[in-house]
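A quick write-up on the structure given underneath.
Every read-out reported here was derived from the displayed coordinates using simple, explicitly stated rules and does not represent laboratory data. None of the values given here were measured: they were computed from a predicted structure. Don't worry about glycine lacking a Cβ; one is built from the backbone with ideal geometry, like all the others, and counts go over all protein chains shown.
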2 protein chains.
Amino acid sequence: MATTGRSEEGDHPQPMEQRGEFTVLERKVMHDRFGMQLIGDRIMTSDGQEGEQFWINFPRQAVLVFPLDREGNIYLNREYTYATAECKLEAAGGTPEADETFEAAALREVREELGIEVDELRKINIYQSITSRVNNTTHVYLARVATVGEATPATGEYTRLEKMPFLEALELVRNGVINTADVAAAIWHINDILSAEEKVET
Amino acid sequence: MATTGRSEEGDHPQPMEQRGEFTVLERKVMHDRFGMQLIGDRIMTSDGQEGEQFWINFPRQAVLVFPLDREGNIYLNREYTYATAECKLEAAGGTPEADETFEAAALREVREELGIEVDELRKINIYQSITSRVNNTTHVYLARVATVGEATPATGEYTRLEKMPFLEALELVRNGVINTADVAAAIWHINDILSAEEKVET
C-alpha cells in the first residue's frame, strides 16, 4: 500500500488506497495496543463527497481449535470475555507468536488453555466478523485429542476446559447458550462433517 | 454502573465496576463515532496487579434478516464491507433508529437494502463476535418474503440483492465463500430449522 504523499506538480495529496468506491485520502492509526488498531480514514466517494471511515484492525489473524476425542466428546473453553463481561463457552485459541505458523499456534493454544495435546489438525474454515467495521480473521481447526494433561494459561487469563458430548455442544448452539458467532458456525460445520463421515461409514 | 469517584474517608478512587476478576479503576471513552466506541479501562486484577484493557463497544445492538420465499430461495445481500475491503455476501441488517424496535428495524432494513417486504418474522438467535475485545450483539431473524420491489439503500451504501436456492447458500457457507461468522452460523441454523420442519411434514 502506498503512503499518502504530494505530487511533484502541485499540492494535491495523492490517494493512498482505493477501497471499493472509496478513495482513501488520508489514514491515521489512532490507537494501537495489544494487537488491536483503531484506524481513521478520510475518504472521498466516487461522486466526490468527502467523509470519514473509522474501523478496527486486528493485524494478526487468529486460530480457534475444536478438539474431539474418540468417544465423541468436544473440548471447549469456558473463559471470561472482557468486552462482553461474561463467563462464556468459547473455544481454545489466540494469535500466533512471531514466526509461529497457524498450526503451531493451534497446538500451543490448546496445550496452554486446555492442557491437552492434539494431533490430526484439520483446517475447516476461515471466519471474519463485523466485516463493515472490523477486520478480524480466524482460522478454524478441528483436531483429535491425543493426551489430556494440565492447563497452563497465561497470567490473567481465566480459562477452564469444558468437555462434553459433541451433540450436547450442538444443542447449546441451537438454543443460544453458545452464541459467539465463529464458535457457533464452527460447531454447526463440525456437525456437518461428522454427519457426512457417519453416512460414509454406514 | 457507578461512575468513578472519591470516598469521603480518603483519596482512594472508588472502583467503578467489577468485571470478572478485574476491578475497573478508571474508564475513558477514547473514541465515539458512527455508533462505535473505543474504551480504555485501567484495571486491577484480584492479585493486585494494575493493567489496562482496551475494548470496542457497539452501544446499539444490531439486526440481521434472512428472507426466504415459498420456492425455497434465500435473499442475501452483496455489499462492500469497508473494514475487510471486499464485496462480500452478507445479509440485510443494521441498527434500529431511535425508538424503533428490533422487529421494525428488521422490516425497514430488508425494505431499504433488498427492496422486499417480509412478514412472519421469527427470531432464531442472538450472536456476539470477538467477545474478548468487542461488545457487539446481533439479533437474527428468519422472515418470509411477501413482495419484491426496488431497493432504496442509504447514500454511500453499496448493496445488491442476491437471490439463490437455500441449499446453494448453504453450500457457499460449507465451502467458505460466505465466511462472515454470524451469517454463516445463521444459515447453518436455518438449515437445521428447515430440516426439522421437513421431517415433521413427511
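Points worth noting:
- Proximal aspartates and glutamates relative to A:Lys163, as straight alpha-carbon distance under 15 Å, when same-chain residues fewer than 8 apart are discounted: A:Asp69, A:Glu71, A:Glu79, A:Glu90, A:Glu113, A:Glu117, A:Glu150, A:Glu171
- Working note: Debye formula, equal point scatterers on the alpha-carbon atoms of region A:19-120, no solvent; log10 I(q)/I(0) at q = 0.24, 0.25 Å⁻¹ is -1.22, -1.27.
- Using alpha-carbon coordinates, inclination of helix B:181-201 to the longest axis of chain B, degrees: 50 degrees
- For chain A, the relative contact order works out to 17 percent when only alpha carbon pairs closer than 8 Å and six or more residues apart are counted.
- Among residues other than A:Leu107 with Cβ under 9 Å from its Cβ, the summed charge is -2 (Lys and Arg +1, Asp and Glu -1).
- Amide H partners (placed H, <5 Å) of B:Glu86, local residues excluded: B:Thr81
- Estimated vicinal HN-Hα couplings, Hz - region B:55-70 in sequence order (Karplus 6.51, -1.76, 1.60; Gly, Pro = x): 8, 9, 10, 9, x, 9, 6, 10, 10, 9, 10, 10, x, 10, 9, 6
- Equivalent ellipsoid dimensions for region B:111-176 as semi-axes, Å, which come from the Cα gyration tensor, largest first: 23, 18, 15
- Expressed as a whole percent, the proportion of Cα-Cα pairs in the protein assembly as shown lying more than 42 Å apart is 17%.
- Positive minus negative residues near B:Thr23 (Lys, Arg vs Asp, Glu; Cβ under 14 Å): -4
- For A:Thr180, the amide hydrogen comes within under 5 Å of the amide hydrogens of B:Gln128, counting only partners 5 or more places away or on other chains and with H modelled in the peptide plane.
- Compactness ratio for chain B: Cα radius of gyration over 2.2 N^0.38 Å (N = residue count) comes to 1.28.
- FRET efficiency for B:Asp47 and A:Met164, using Cβ-Cβ distance with R0 set to 45 Å, rounded to 0.05: 0.90
- Over chain A, dividing the summed -39,500 (n - 2.57) contributions of all DSSP H runs of at least 4 residues by the number of residues returns a 222 nm mean residue ellipticity of -7000 deg cm²/dmol.
- Our note on the geometry: Cα centres of region B:65-120 and region A:92-107, 35 Å apart.
- Projecting 7 Å from Cα along the Cα-to-Cβ direction, the label point of A:Gln37 sits 2.5 nm from its equivalents in the other copies, listed shortest first.
- Environment charge of B:Ala181, counting only residues whose C-beta is closer than 15 Å and scoring Lys/Arg +1, Asp/Glu -1: 0
- With Cα atoms, 0 to 90° folded angle of helix A:102-114 axis to chain A main axis: 50 degrees
- Computed E for A:Cys87/B:Arg33 - FRET, C-beta separation, R0 30 angstrom, nearest 0.05: 0.45
- In this simple spin-label model, placing a label point 7 Å from the Cα along the Cα-to-Cβ direction at both A:Gln61 and A:Val148 gives a separation of 3.2 nm.
- Sequentially through region A:124-131, phi angles give Karplus couplings (6.51, -1.76, 1.60; θ = phi - 60°) of 9, 5, 10, 10, 10, 9, 6, 5 Hz, Gly and Pro residues having no value and appearing as x.
- Its relative contact order, with pairs defined as Cα atoms under 8 Å and 6+ residues apart, puts region B:23-70 at 30 percent.
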